[in-house]
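Note sheet for the following structure.
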Amino acid sequence: MPDLDLPQRQATDALMLTGFWYRALPADRVHRNQLYKATLLEIPLVIGRDRLGQPFALRDACPHRGMPLHCGKFDGENLECGYHGWQFDVHDGQCQLIPSLTADQNLKVDRIYAGSYGCEEQDDFIWVFIPDPSPTGAGFVPRTEPPDPAPQIEKFTGKYKLAYLQAEMPVSIDHGIIGLMDPAHGPFVHQAWWWRTQHSIHEKQKNFEPIPYGFRMSAHTPSSNSAPYKLLRLYADADSITTTIDFVLPNIRTETIRAGKYWFSSLTTVTPITRSHCRIDVVAAWNLFRWVPFVPDLLKFVFAKFVEQDRRTMELQAEGLKHNPHLMLIDDADRPAKWYFQLKAAHLESKRTGTEMKHPVPGPVTLKWRS
Ligand code: FES
Ligand SMILES: [Fe+2]
């Protein structure tokens, strides 16, 4: 008998996608005229702000002999390497000065570059564009410019609040992401007497559709046990509330909840730090409760609790993953996870062949599960 109903085996590859923007550091931790270390996709970076507050990101290795640039001196404009004093413009990495050169030595200093990355501040985070490998800028090549600006949270009114949360997890980007989109762990991981218990588990049915680079859980009334929904219920009629959840490559989950003039919007990313570590950053914007002093704190408390429960779970999962067990994904609860792997493969295939990406989600599809 063909084993059609056997769950699909799935190996994660920990492959980190280049050619995208990634969140590097919370903006409020990066001060003017200072240097900070960060790692993205195993690339060591030095991040800072110039004297006008503009952020920048350089590879944390001098193109001369590899000294970490974060050990150098920064005057708010140029960064001076601590080993032989070469100076670099922090925004494009171009070399400005090589102190050892004599007047008659005509080495073209301005043709030398420290590795430099597209860098933008957006919604409380410093984002860095990680280009595809090859000429990433160090040596004699200027950097690759990002094709698009960094992702932004969708906002529906001029006035809103913004807050972020982060957690580091000792698992690969793939486990971080499929953990984020997994609908079936809620009743087991996110229990609390004030929230929900395992007994609130019930059958759910959601419609999905393909969108560029990802998929969307179509606008629907949020599930009665979702966090912002419970709070929004205090403000609006249950049936006037709709939510849309998108996932797009490489690592972005956005959730938008609207209830009349009120809205709540979040952009969550899972960022590959190394092959075996990732970090989840949740940034939320909302226009409700702005004037109620204590509700934003409550919201943050609920989210922090959730993120901590996920972090703790993945920390435990990492134990089990140490010895590379075979894993499986089942329908329909793990279908979004399957799509993630297929999207990643289709994206890489389209880059390899230079052809348009073949979207793995053929059209609208309904998934059912209990959670
Ligand atoms: S290693 Fe940086 S100036 Fe020599
Ligand atoms: Fe979770």
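The values are calculated or read from the model by the stated rules, or taken from the named source; none is laboratory data. Note that the structure is a prediction, hence the values are computed from the model and not measured. Heads up, the Cβs are rebuilt from the backbone with ideal geometry, glycines too, and the neighbour counts pull from every protein chain shown.
Within segment 70-98, residues that are within 21 Å of G118 (Cα to Cα) reach partners that are among the β-branched types (V, I, T) and within 9 Å of ligand 1 (Cβ to nearest atom) with beta carbons closer than 9 Å, at six or more positions or on different chains, in the pairs Q87/I98. Quick one: count up the residues across segment 329-371 that are among the polar types (S, T, N, Q) and surrounded by 17 or more Cβ atoms within 10 Å (Cβ to Cβ). Of the residues in segment 329-371, 1 are among the polar types (S, T, N, Q) and surrounded by 17 or more Cβ atoms within 10 Å (Cβ to Cβ). Whether a residue is outside any strand (DSSP E or B), within 16 Å of ligand 2 (Cβ to nearest atom), at pLDDT below 90 and of a type in the set (V, I, T) was assessed, and V302 passes this test. Taking first residues from segment 31-44 that are closer than 14 Å to V90 by Cα and partners that are part of a strand (DSSP E or B), the Cβ contacts under 6 Å between residues at least 6 apart in sequence or on separate chains come to R32/R49; Q34/G48; L35/V46; L35/G48; L35/F74; Y36/I47. Screening D297 against (1) more than 16 Å from ligand 2 (Cβ to nearest atom); (2) under 22 Å from the mean Cα position of the chain (by Cα) leaves a single unmet condition, (2).
Hey, could you check segment 68-120 for residues that are part of a helix (DSSP H, G or I) and more than 15 Å from ligand 1 (Cβ to nearest atom) and say which is surrounded by the fewest Cβ atoms within 10 Å (Cβ to Cβ)?
Applying the filter and picking the extreme gives D110.
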